[in-house]
Amino acid sequence: GPIILQTYRAIADYAKSSSTEMALATGDVVDVVEKGESGWWFCQMKTKRGWVPASYLEPLDSPDEAEDPEPNYAGEPYVTIKAYTALLEDELTLQEGENIEVIHKLLDGWWVIRKDDVTGYFPSIYLQKAGQDI
Amino acid sequence: TIKQPPSNPPPRPPVEARKKPS
């Protein structure tokens, strides 16, 4: 059958920071082609296409719909594959190769994780399921 | 073809998204 693309609206202006990204103006309506766990979604708008941050988009049809999966307070084991230094107070600073537990996989790509009973946000793009080869 | 996504983390949600009641 035909591919039905989901339509989203930009809730804020976004200035792209690399050539594969697409800039957004508040109110822009885009078709989402691919949703990545990293929080980058590949979108097209008229003749433009590129990656945009998922958190800058809301569903056009059902803006109140919560799409994020439920938190898993038991935690899912992951390993950091790149170091990250927290920029905001609610983020965690971790080195590469640290074992952590993922509690909440948010669609914006910033997951709630736990390390030694401390919780905070961490970029999912720097995480990999424990026990897998890089 | 779809290009590779950026290798850096996306920005944190904009203020507009945080204002929404949860």
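The values are calculated or read from the model by the stated rules, or taken from the named source; none is laboratory data. In this text the structure is predicted, and so the values were computed from the model without any measurement. We place every Cβ from the backbone using ideal geometry, glycine too, and count neighbours over all the protein chains shown.
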Taking the stated definitions as given, is A:Asp61 under 18 Å from A:Ala10 (Cα atoms) and part of a loop (DSSP other than H, G, I, E, B)? yes
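So which residues in the range A:25-60 are aliphatic (A, V, I, L, M) and at the interface with chain B (Cβ under 10 Å from one of its Cβ atoms)?
Pass one, the range A:25-60, residues aliphatic (A, V, I, L, M): A:25, A:29-30, A:32-33, A:45, A:52, A:54, A:57, A:60.
Residues satisfying the conditions are A:Val33, A:Val52, A:Ala54, A:Leu57.
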Search result, residues across the range A:105-119 that are part of a strand (DSSP E or B) and either away from chain B (no Cβ under 14 Å) or more than 18 Å from A:Glu70 (Cα to Cα) (or both): A:Arg114, A:Lys115, A:Val118, A:Thr119
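Which of the residues that make up the range A:33-56 are closer than 21 Å to A:Ser124 by Cβ, in a strand (DSSP E or B) and either modelled with pLDDT of 95 or more or of a type in the set (D, E, K, R) (or both)?
Residues of the range A:33-56 closer than 21 Å to A:Ser124 by Cβ: A:33-43, A:50-56.
Next cut, in a strand (DSSP E or B) only: A:33-35, A:40-43, A:50-53.
Within the range A:33-56, A:Glu34, A:Lys35, A:Trp40, A:Trp41, A:Phe42, A:Cys43, A:Gly50, A:Trp51, A:Val52, A:Pro53 meet the criteria.
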Checking A:Val102 against (1) of a type outside the set (Asp, Glu); (2) out of contact with any Ser or Thr (no Cβ under 6 Å at 6 or more places or on another chain); (3) closer than 21 Å to A:Ser55 by Cα; (4) within 14 Å of another protein chain (Cβ to nearest Cβ), which test does it fail? (4)
